[in-house]
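Remarks on the structure that follows.
The values are calculated or read from the model by the stated rules, or taken from the named source; none is laboratory data. All values reported here derive from a predicted model rather than from experimental measurement. Here the Cβ is made from the backbone with ideal geometry for all residues, glycine too, and neighbour counts use every protein chain on show.
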Amino acid sequence: MGPPGAGKGTQGNWISNYLNIPKVSSGDLFREHQNNKTELGQLASSYMQKGKLVPDKITVAMVMEWIDNNKQSEGFVLDGYPRTLPQAEALDIALNNNGLGNVDKAINVDVPTEVLISRLSGRLVCTNCNQIYNIKYAPPKNDRVCDNCTKQLQIRDDDKTEAIQKRIQVYFESTAPLISYYESTNILVKIDGSNSISVVTEELKSILSN
Ligand code: AP5
Ligand code: MG
């Protein structure tokens, strides 16, 4: 969990490799639907471009389908899901119904707003393999080309000033309250995401090894 630009995707990809378990980003799933021009993608676009949350009913169904397809794995990383209380409750019910136990850890990455804006204005993403780059902080080896799969890198449609501001506002209104939801079950871990990518990764490594 964390505001836009906190590093959920960057660190979530690292955790997925480190623990060798799959990761899903609800934002990436929506973007895949957009690229494939599905009905769901078109519906999600209208919310995402404005920086608003996609309604719970749609989001929950999409993520639960992913969980259902990945329930044989020894665990998974959820990036950007849940973002509302109903999404968190739906997750708990689905895990229990599938005999998958409970959420082990909810990691909240905290970063000051001015840092978020600077990071998002320099982000480049690979729409093929979802690798994340930054012009300043994590540049690709070759200009605008993905190191992993050599596909062209892109700027996200919602990384425009107005949508960024709205996404940050929505985070504080709708998602930040989830911090106390996970605090109440003692699984919340807070980390300072304002440090460099490698320092944050080191902190996560020690959290995961505990
Ligand atoms: P989503 O794609 O999840 O976007 P977001 O929450 O706005 O978060 P970001 O992906 O922008 O940031 P991040 O924390 O992943 O940061 P990153 O690692 O890329 O969601 C998009 C939209 O989809 C939502 O607005 C909503 O409409 C919809 N949606 C998605 N999930 C939903 C849900 N559950 N319910 C309803 N609607 C939903 O890093 C950012 C940049 O910073 C990169 O360039 C990176 O290289 C750099 N960086 C990362 N860490 C560091 C560091 N420590 N130091 C320096 N640079 C860093
Ligand atoms: Mg992300």
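Structure notes:
- Flag if residue 10 is in contact (Cβ under 8 Å) with a residue 60 or more places away in the chain, in a helix (DSSP H, G or I) and under 16 Å from residue 78 (Cβ atoms): yes
- Within the span defined as segment 19-42, every residue fails to be farther than 22 Å from residue 132 by Cα, part of a helix (DSSP H, G or I) and within 8 Å of ligand 1 (Cβ to nearest atom).
- Qualifying residue in segment 72-88 (condition: surrounded by 15 or more Cβ atoms within 10 Å (Cβ to Cβ), on the phi > 0 side of the Ramachandran plot and within 14 Å of ligand 1 (Cβ to nearest atom)): yes
- When residue 137 is tested against (1) in contact (Cβ under 8 Å) with a residue 12 or more places away in the chain; (2) loosely packed, with under 14 Cβ neighbours inside 10 Å, just one condition goes unmet, and that condition is (2).
- Of residues in segment 23-45 being of a type in the set (D, E, K, R) and either in contact (Cβ under 8 Å) with a residue 60 or more places away in the chain or in contact with a Phe, Trp or Tyr (Cβ under 8 Å, 6 or more places away or on another chain) (or both), the one nearest to residue 88 (Cα to Cα): 23
- Residue selected from segment 190-210 under the condition farther than 21 Å from residue 119 by Cβ and surrounded by 12 or more Cβ atoms within 10 Å (Cβ to Cβ), by the criterion modelled with the highest pLDDT: 205
- Single residue of segment 110-129 satisfying the filter (under 17 Å from residue 24 (Cα atoms) and buried (at least 19 other Cβ atoms within 10 Å of the Cβ)) that is nearest to the chain's Cα centre (by Cα): 125
Residues checked against (1) under 22 Å from residue 32 (Cβ atoms); (2) touching a Phe, Trp or Tyr at 6+ places or on another chain (Cβ under 8 Å); (3) more than 16 Å from ligand 2 (Cβ to nearest atom); (4) not hydroxyl-bearing (Ser, Thr, Tyr):
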site	(1), (2), (3), (4)
114	no, no, yes, yes
133	yes, no, no, no
143	no, no, yes, yes
159	yes, no, no, yes
165	no, no, yes, yes
174	no, no, yes, no
177	no, no, yes, yes
182	no, no, yes, no
206	no, no, yes, no
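- Applying the criterion of being touching a residue at least 24 places away in the same chain (Cβ under 8 Å) and more than 30 Å from residue 100 (Cα to Cα) to the residues of segment 46-69, the residue that is surrounded by the fewest Cβ atoms within 10 Å (Cβ to Cβ) is 50.
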